[in-house]
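Undergrad: Sending over a structure as structure tokens; questions will come in a sec.
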Amino acid sequence: MNRRDRRTSHATESPRTRRIREAAEREQMLRARGVDPMNPQRRSRESAPRRGRWKRNVVLFLVIVLLSGCTGGWLLWQRVTAFNDEVSSAGSLSTSLFFPLMGSDRVNVAMYGYGGPEHGGGSYLADSIMILSIDPETDTTTMIPIPRDLWIEGLPEIPDNAKINEAFANGFVRGGVYEAGRAATSVLSKVTALPIEHWMALDFTGFKAMVDSVGGVTVDNPVAFGYTWAESKYFAGNWDGGSFNAGPVFLDGTLALDYARTRYTSVPAESSDFARSVRQQRVLVALRGKLGGGGLGSLGPGLAIMDALKGTTEPLMATDLSAVDLYLLSGRLGADRRIELSEGVILEATSNSIGQYILVVIGRASGTDYAPLQAYIRAELARPLPTPIPSPSASLP
């Protein structure tokens, strides 16, 4: 039917027929547009475009992710804060290392290992003393082990003169582990003339827990040796403590502590404090490897270590650095080089008035003169590192 015929046909319609026809045409038009004729405000379900529904789903997904991230972040921060409150005298939100590590001056941090309440005699004598000296400009770290037998005179932190490891114990008697760290670091800074503003200390139980929390570590041990803990058995050649093979050696927490501490060994070169400090460094380098290079990969091991070091009646670790600063420091646990305070070079062995073995500074004008030692450390730090810079593992004997 052409347009003229339709007009003629419509002209002859009755009013009722026309209304029915117009209603049918309107319904057909609405359906063609995807609108439900029974509810013009809503598109029919059969023909509604999916674009709007897709957008709503994306927005809902993003909201869920955001809420999950906020919840997870909050729970993570609660764990970090709980750890910080147990081990640190600094606030959770504080950072003392962030800007210095981006500067030009060296950042020096003292590290102490000590026996703790589960250890026998000398529970709070510093068994291990190290300085991490970080050069932000070259992004390198120098480790300076301090022999615990270094003799100290003329400092108020050790009023009766004694070996340097007694500074930590004296401080502990006066005010607990935080005073121990402060006092020992004050002595260390005065003796070396290095500005050492921060410290961290770990007892033997904490050391074992830290290694176990990351599933143990593997070190490359260059020389096989047996060991004992008794001096009498050492002279008798009875190595009842155990032994470590040459090559890659897996260490759980207990073995890592033995490896780092033992000094009665079947190999004379492994029986000195200097050898012990090298072995301690190997363990720290292996721990740094477990922690990774930062970012999300370090999150799991870092949380495991935090959980292992808190929640006990006695603090297994103490520091004046916040958890944020400890994270920044974790990538520096290895060393690009070491400065050895060796006998015959800057230190010489002698004995004190009661016959104890001690180390004193070569070239000193008096017992309170540490200038030769300070000059030696200053000169060694000024030496350029070899090019290319060796890896931490390559720098170990």
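The values are calculated or read from the model by the stated rules, or taken from the named source; none is laboratory data. Bear in mind the structure is a predicted one, so any value in this text is a computation, not a measurement. Note that we place each Cβ from the backbone using ideal geometry, even for glycine, and neighbour counts take in every protein chain shown.
Undergrad: Can you tell me which residue among I152, I144, I134 is touching a residue at least 60 places away in the same chain (Cβ under 8 Å) and more than 19 Å from L202 (Cα to Cα)? Walk me through it before giving the result.
TA: Numbers: I152 fails: touching a residue at least 60 places away in the same chain (Cβ under 8 Å); I144 fails: more than 19 Å from L202 (Cα to Cα).
So the residue among I152, I144, I134 that is touching a residue at least 60 places away in the same chain (Cβ under 8 Å) and more than 19 Å from L202 (Cα to Cα) is I134.
Undergrad: Considering every residue within region 337-351, establish whether at least one is surrounded by fewer than 20 Cβ atoms within 10 Å (Cβ to Cβ), farther than 18 Å from K208 by Cα, at pLDDT below 90 and among the aliphatic types (A, V, I, L, M).
TA: no
Undergrad: Follow-up question, since we're still on this one. Taking the options V249, V177, name whichever one is free of Cβ contacts under 8 Å to residues at least 40 places away in the same chain, among the hydrophobic types (A, V, I, L, M, F, W, C) and not in a loop (DSSP other than H, G, I, E, B).
TA: From the options V249, V177, the qualifying one is V249.
For every residue, the table says whether it meets (1) polar (S, T, N, Q); (2) modelled with pLDDT of 95 or more; (3) on the phi > 0 side of the Ramachandran plot.
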| position | (1), (2), (3) |
| --- | --- |
| M143 | no, no, no |
| L150 | no, yes, no |
| N161 | yes, no, yes |
| R182 | no, yes, no |
| T192 | yes, yes, no |
| D203 | no, no, no |
| G206 | no, no, no |
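Undergrad: Still on this structure, I have one more. Applying the selection to region 339-365, what residues are charged (D, E, K, R) and assigned to a loop (DSSP other than H, G, I, E, B)?
TA: E340, R364, listed by residue number.
Undergrad: Further, regarding this structure: If I ask for residues that are surrounded by fewer than 18 Cβ atoms within 10 Å (Cβ to Cβ) and under 18 Å from L316 (Cα atoms), which ones from region 171-181 would you list?
TA: V173, G175, G176, E179 - these are the residues of region 171-181 that are surrounded by fewer than 18 Cβ atoms within 10 Å (Cβ to Cβ) and under 18 Å from L316 (Cα atoms).
Undergrad: Could you check region 94-174 for strands (runs of 3 or more DSSP E) lying wholly inside it with 3 or more residues that are among the hydrophobic types (A, V, I, L, M, F, W, C) and under 26 Å from the mean Cα position of the chain (by Cα)?
TA: Numbers: elements: 107-114, 126-135, 140-145.
Answer list for region 94-174: 107-114, 126-135.
Undergrad: A follow-up question, please. Determine whether region 366-380 contains at least one residue that is assigned to a strand (DSSP E or B) and surrounded by 15 or more Cβ atoms within 10 Å (Cβ to Cβ).
TA: In the first step, residues of region 366-380 are kept if they are assigned to a strand (DSSP E or B); the result is none.
No: zero hits.
Undergrad: Looking only at region 259-304, count how many residues are of a type in the set (A, V, I, L, M) and modelled with pLDDT of 85 or more.
TA: If we filter region 259-304 for residues that are of a type in the set (A, V, I, L, M), which is where we start, we get 260, 267, 269, 275, 278, 283-287, 291, 296, 299, 303-304.
Checking which are modelled with pLDDT of 85 or more leaves us with 260, 267, 269, 275, 278, 283-287.
Counting residues in region 259-304 that are of a type in the set (A, V, I, L, M) and modelled with pLDDT of 85 or more gives 10.
Undergrad: Return yes when D220 is in contact with a Pro (Cβ under 7 Å, 6 or more places away or on another chain), outside any helix (DSSP H, G or I) and exposed (fewer than 15 other Cβ atoms within 10 Å of the Cβ) and no when it is not.
TA: Against the criterion (in contact with a Pro (Cβ under 7 Å, 6 or more places away or on another chain), outside any helix (DSSP H, G or I) and exposed (fewer than 15 other Cβ atoms within 10 Å of the Cβ)), D220 qualifies.
Undergrad: Which is exposed (fewer than 14 other Cβ atoms within 10 Å of the Cβ), among the small types (G, A, S) and over 25 Å from V109 (Cα atoms), of G241, G247, G226?
TA: After ruling out the rest, the residue left standing is G247.
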